[in-house]
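Any read-out appearing in this document is the output of simple, stated calculations on the displayed coordinates, not a laboratory observation. No experiment lies behind these values; they were computed from the predicted model shown. A quick note on method: Cβ atoms are made from the backbone with ideal geometry, for glycine too, and the neighbour counts reach across all protein chains shown.
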Amino acid sequence: MTTCFGRGIREAEIEILEMGRYTIKFLLKKCHISMANALRRVMISDVPTMAIDLIYVNENTSVLHDEFLAHRLGLIPFKSECIDDYEFFRQCSCKPSCHKCSIEFNLREIALDEVKDITTDHINAIKPDCVIKPTKYISDQGTEEDPILIAKLAKNQKIDIQCVVRKGTGREHAKWSPVSTVKVQQVPIIEISEDLNDILDDDEKKGLVNSCPAAVYKMNNQKQTIEIEDPTNCMQCQECSIYCDSLNKKENLLTVDEDESNFIFNIESTGAIPPEEIVSKAITILAEKTSELAVAAGQCKDSD
């Protein structure tokens with residue numbers, strides 16, 4: 001997949017390295033570090049999702065205070081694939097709310113005989129055909145995992161809460177951020193000297209392989225040589241270089257540097273939006289921002 005990050009920015013390429021149900025790892029090529037960092041920040045703070053923004057506590061006899069319960073409810077991820085069908089609350093013309101910007105849910109449960117777990121399965125939309133629902137996580141084996149635990153009710157304890165779900169971004173509150181982690185690093189450049197395999201004995205080669213905490217190197221037992229297994233795992237810790245220098249054999253047996261125009265992204269979604277969609281939306285938003293900036297810069301230049 002190739003995309004252009006706005007007018008005046010050179011073309012950048014994206015290569016998908018790994019993709020799971022909630023994670024994605026990709027390589028961003030031919031890009032300046034400022035744009036790579038901007039893409040990271042957009043994923044965290046500008047890609048919109050749905051989350052509980054307002055609650056009405058009609059009754060709460062659980063051991064959790066109303067504020068603590070509201071905080072837990074607010075951090076529950078909601079499936080937001082159809083996020084574009086809704087307006088931002090503050091941009092909607094309705095008063096105080098409408099179906100275009102808000103969705104109402106009820107959480108009404110009581111423990112009759114024994115302790116009862118209150119989970120996201122008990123959050124029900126007032127409209128039964130609503131596609132916005134709390135996220136249900138699927139394991140790597142394809143089985144549905146347990147729902148998110150909200151509270152525990154003892155006998156005769158009751159919760160009666162009305163929740164209002166709205167569209168927002170992580171810039172306003174972390175509960176709307178679609179990602180739990182976004183890791184960005186420059187692509188490592190690892191150079192192994194042609195003399196390394198001849199100079200080091202077998203024990204020293206094994207020591208070099210074991211010195212790397214990220215398992216970047218492997219030992220080829222047939223050729224008795226050190227090979228690079230996965231350079232993208234490199235954390236730039238320089239432990240391999242330090243080990244080679246400690247042997248006092250020869251300078252620059254192994255060097256680890258960084259590529260200034262290629263970056264590795266590791267993204268973990270909260271489950272609200274698939275990871276590939278997060279990347280796609282972030283690129284679109286960043287392209288719009290850079291285009292607006294280019295227009296503003298051109299207007300300032302014309303006024304001068």
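Multiplying each eigenvalue of the alpha-carbon gyration tensor of region 147-304 by 5 and taking the square root yields semi-axes of 47, 30, 12 Å, largest first, rounded to whole angstroms. Our estimate of slack between Ile138 and Leu293, defined as 0.36 nm per intervening residue step minus the Cα-Cα distance, is 51.8 nm. Of the residues Asn252, Met43, Asn221, the one whose Cα sits farthest toward the positive end of the charge dipole of the chain, with +1 on the Cβ of Lys and Arg and -1 on the Cβ of Asp and Glu, is Met43. The Ile110 and Phe68 beta-carbon pair, evaluated with R₀ = 22 Å, returns a calculated FRET efficiency of approximately 0.70. Convex hull volume of the Cα atoms of the chain, normalised per residue: 220 Å³. Projected onto the charge dipole of the chain (+1 at Lys/Arg Cβ, -1 at Asp/Glu Cβ, origin at the Cα centre), which of Ser62, Leu196, Pro96 gives the Cα projection farthest towards the positive end? Of the candidates, Pro96 comes out farthest on the positive side.
Give the residue from Gly207, Val187, Thr143 lying farthest towards the positive end of the charge dipole for region 133-217; charges sit on Cβ (+1 for Lys and Arg, -1 for Asp and Glu) and the dipole is referred to the Cα centre. Projecting each Cα onto the dipole axis, the largest value belongs to Thr143. For the peptides 270-282, 172-184, the ranking by mean Cβ contacts within 10 Å, running from highest to lowest, is 270-282, 172-184. Using Cβ point charges alone (K and R +1, D and E -1), the dipole size of the chain about the Cα centre works out to roughly 1400 debye.
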